[in-house]
Amino acid sequence: MSEGGLEAPIRLPIDWRSDEFYNEEPLFTELERVFDICHGCRRCFSLCNAFPTLFDAVDASDTGEVDAVPKPVFWDVVDECYLCDMCYSKCPYVPPHEWAVDFPHLMLRAKAKRFRADGAAWRDRVLSNTDRVGSLAGIPVVAEIVNAVNRSGPGRALLEKTLGVDRSAPVPKYHRRSARKRLAGRRQDRAVAEGSAYSPEPGARGRVVLFTTCYGNRNLPEICEDLAAVFEHNGIVVTLANSERCCGMPKFELGDLDSVERAKEANIPELLNWVRDGWDIVAPIPSCVLMFKRELPLLFPDEEAVIEVGRAFFDPFEYLFARHRAGRMKTDFKQPLGKVAYQVPCHLRVQNIGLKTKSVLELVPGTEVDAIERCSGHDGTYGVKKCSRTASLKIARPVISRVKQSEPDHFISDCPMAGAQIAGGLDATDAMHPISLLRSAYRL
């Protein structure tokens, strides 16, 4: 493929099990090659702090070229990348171009090499262990104590000192009644459910397994309840898998690929049974959908079970839009939504499904959706850690400005963490998940 070719971008499998993947010499050779291409292009300078870190180092070097940049600076670039994947979407040199640039997965390789060699700080291990933290913080009484500590000045100071969580960063609330407990009554047998408007077409089959996610299960169980209510109103049967583990994205961002594999081994067999019995899968958090749909198939390209589950995984609004196209989505809306400012999360944009959230919400009469396709700067733990909080807020500033200019009736984001980040810079405007807003339009 030549520059300017029309071939569709592809992503190559991640060869993370090979010895060369973790070998420092070929890693740094590839880092220097890709950094030199990025230096010659510079179109991604405004996406995150990784590229300004690189370009400033090049400009300050003796020759003004990448080969004069001290190698320790390469790790500074790696640290600023939080794997949002947006540079891959913008890059003209991704495969099948002969230069085969995949900046995010190169950063993942560097993170994985460092993790295998040095491990990770205790802080990062704790913050990425969402299953363990959620199960402990969700214990009755413990949840109330954790939430009280997180709301207090001394508690936030302690959190900053022990875990490096900036005291100004939004932190989630923990609920002792998780989404899986609240929705336990919706458990179904894997056999075809009575009354479901079944279709053999994936994305419109009419029955879904709700993968609640760590965040949806423990921190915002109401969005799972809202999703179930909206789907059931549209004749879609909703159930829960018998068991559920973290999707692995927090460990993926840390470079801990062995832990990602363990999460995969826990989730895929259970989900595969449902898929083969005719169920689709939805999750309310874009990063979790992306993990199953894109990243796990690239990490385990030879495992048919992973590929099969990935094909059955959907964003909620992608699923609703498929139902709408099949003539099976209800439009009996009772409440107009007015003007809606919508921050489109990076991990939703890179799924290449289009603006399905916007399309579905604009089916509601009296609704105008202003889609803001800019990163929130949150992306997992990057936006809450003291060491990266300032850079995170700088990335968020253009989105905050756009929302303010929009003067919306509602502000939404499919990613609750991104929504909280942006809402922190707004005046008396809280973030909503779009599925909750859609429920209000139905007045369910």
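Where a number appears in this text, it was derived from the coordinates with a stated rule and is not lab data. Being a predicted model, the structure only gives us computed values, none of them experimental. Methodologically, a virtual Cβ is constructed for each residue, glycine included, from the backbone with ideal geometry; neighbour enumeration extends over all protein chains shown.
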Would the stretch 332-442 count as rounded, prolate or oblate if I go by the C-alpha gyration tensor, calling it rounded below 1.5 in a/c and otherwise prolate when a/b exceeds b/c, oblate otherwise?
prolate
For ILE372, what residues show an amide H to amide H distance below 5 Å, using hydrogens built from the backbone and excluding near sequence neighbours?
TYR342, GLN343, VAL344
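Find out how many positive minus negative residues lie around GLY338, taking Lys and Arg as positive, Asp and Glu as negative, among other residues whose Cβ is under 13 Å from that of GLY338. All intermediate terms of the calculation are to be shown ahead of the outcome.
Numbers: positive: LYS339; negative: GLU362, GLU368, ASP370, GLU407, ASP409.
Cβ neighbours under 13 Å give a net charge of -4.
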In percent, what relative contact order does the stretch 20-118 have, based on Cα pairs under 8 Å that are 6 or more apart in sequence?
30
At 7 Å along the Cα-to-beta-carbon direction for both ARG397 and PHE28, put a label point, then send me their distance in nm to one decimal.
3.5
Would you mind classifying the stretch 20-118 by shape? Square roots of the alpha carbon gyration tensor eigenvalues, ordered a ≥ b ≥ c; an a/c under 1.5 is rounded, otherwise it is prolate if a/b is larger than b/c and oblate if not.
rounded
Modelling each spin label as a point 7 Å along the Cα-to-Cβ direction, I'd like the GLU222/GLU362 distance in nm, to one decimal.
2.8
Exactly which trypsin sites (Lys or Arg not before Pro) in the stretch 340-444 are in a DSSP loop and have at most 14 other Cβ atoms within 10 Å?
ARG443
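With a cut-off of at most 11 other beta carbons within 10 Å, and DSSP calling the residue loop, which trypsin sites (Lys or Arg not before Pro) in the stretch 1-98 qualify? Please list them.
ARG17
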What pairs in LYS161/LYS181; LYS356/LYS404; LYS330/LYS356; LYS339/LYS386; LYS90/LYS111 have C-alpha atoms more than 26 Å from each other?
LYS161/LYS181; LYS339/LYS386
By average Cβ neighbour count within 10 Å, what is the ranking of 415-421, 174-180, 63-69 from highest down?
415-421, 174-180, 63-69
Identified option (computed volume of the Cα convex hull per residue in Å³; candidates (1) 151; (2) 166; (3) 199)
(1)
Express in whole angstrom the spacing between the alpha-carbon centres of the stretch 1-70 and the stretch 273-296.
31
Go ahead and estimate [θ] at 222 nm for the chain from helices alone: -39,500 (n - 2.57) per DSSP H run with n ≥ 4, summed, over the residue count, rounded to 500.
-13500 deg cm²/dmol
Exposure proxy check on VAL289, VAL340: fewest-to-most Cβ neighbours within 10 Å is VAL340, VAL289
